[in-house]
1. What are the residues whose amide H is under 5 Å from the amide H of A27, where those residues sit 5 or more places off or on another chain and H is modelled from the backbone?
2. So, R0 is 22 Å and r is the distance between the beta-carbons of D47 and R135; what FRET efficiency does that work out to, to 0.05?
3. Estimate the FRET efficiency between A11 and A171 by the formula 1/(1 + (r/R0)^6), using the beta-carbon distance for r and 35 Å for R0, to the nearest 0.05.
4. Round to the nearest 0.05 the FRET efficiency obtained for D89 and E147 when R0 = 45 Å and r is the Cβ-Cβ distance.
5. Taking the Cβ of each residue in D119, D47, D128 as the centre, tally the other Cβ atoms inside 10 Å and list the residues starting with the fewest.
6. Which of the GluC sites (Glu not before Pro) found in segment 122-153 are in a DSSP loop and have at most 15 neighbouring Cβ atoms, other than their own, within 10 Å?
7. Between R25 and D106, what is the label-point separation in nm under the 7 Å Cα-to-beta-carbon projection?
8. For segment 7-152, build the charge dipole from Cβ charges (+1 Lys, Arg; -1 Asp, Glu) around the Cα centre, then report which of H63, V141, A42 sits farthest towards its positive end.
Amino acid sequence: MPPSPAPVPAAARWAVGQGYAGPARVAVLGGSYGGYVALVAAGSAPDVFAAAVGIGGIVRPAHHLRSRVACSRGRLAHNWHRFVGDPNDPAQEAGMPARSPAGRLDRPHVPLLVVQGADVRVAKGESDRLVEVLRLRGTEVEYLVKEGVGHSFVNPESQLDVHHTVRRFLARHLGGEPSASSVRRADAGCYRP
């Protein structure tokens, strides 16, 4: 059976235990597979994380893996099948919901920021449904949808918008706000048309 994203909460607990992080100031953030891990962590370790950010994160792995275009399926055995499971193996598929964001909707969640593009890899409808169900359950969810960008958010304006949204979200949930000068310095290094 493939491993779960359980090492992420364990690593956060270790960092708090070692004094590297404050117990109320730890968030999990990731994109693509990392977004999947962040979304899983949001519903599996609300005692560890103060917030979670999933950027282009996979919600239902079995559906995601089956819907991949044929030319990309060969690479799946070396990454997704190894770490998430192979939906063509009935024993592995049976365990996939328990290790997926969609399989954790009935659990308490930390505040969540979901970022979604017009993505052919991660269907927007999956994120729409995740956000809808979590909001109905009372979870604080911020949802940023960027039209006209794909899975990687390579458009510079979209990157800036995503980074600023993430910064504000984390500041709100972890405490503090970066100084205006540090934000200006960070923006100065970014491309602006």
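1. Excluding prolines and chain starts, which carry no amide H, the hits are A50.
2. Working: r = 22 Å, r/R0 = 0.98.
So the FRET efficiency works out to roughly 0.55.
3. Calculated value: 0.95.
4. After rounding to 0.05, the efficiency reads 0.80.
5. Details: D119 18, D47 10, D128 15.
Ranked by crowding around the Cβ, least crowded first: D47, D128, D119.
6. Numbers: sites: E126, E132, E140, E142, E147; in loops: E140, E147.
Answer in residue order: E140, E147.
7. About 3.7 nm, to one decimal.
8. H63
Read-outs: derived from the displayed coordinates by stated rules, not from any lab. All of these numbers come straight from a predicted model, not from anything done at the bench. We place every Cβ from the backbone using ideal geometry, glycine too, and count neighbours over all the protein chains shown.
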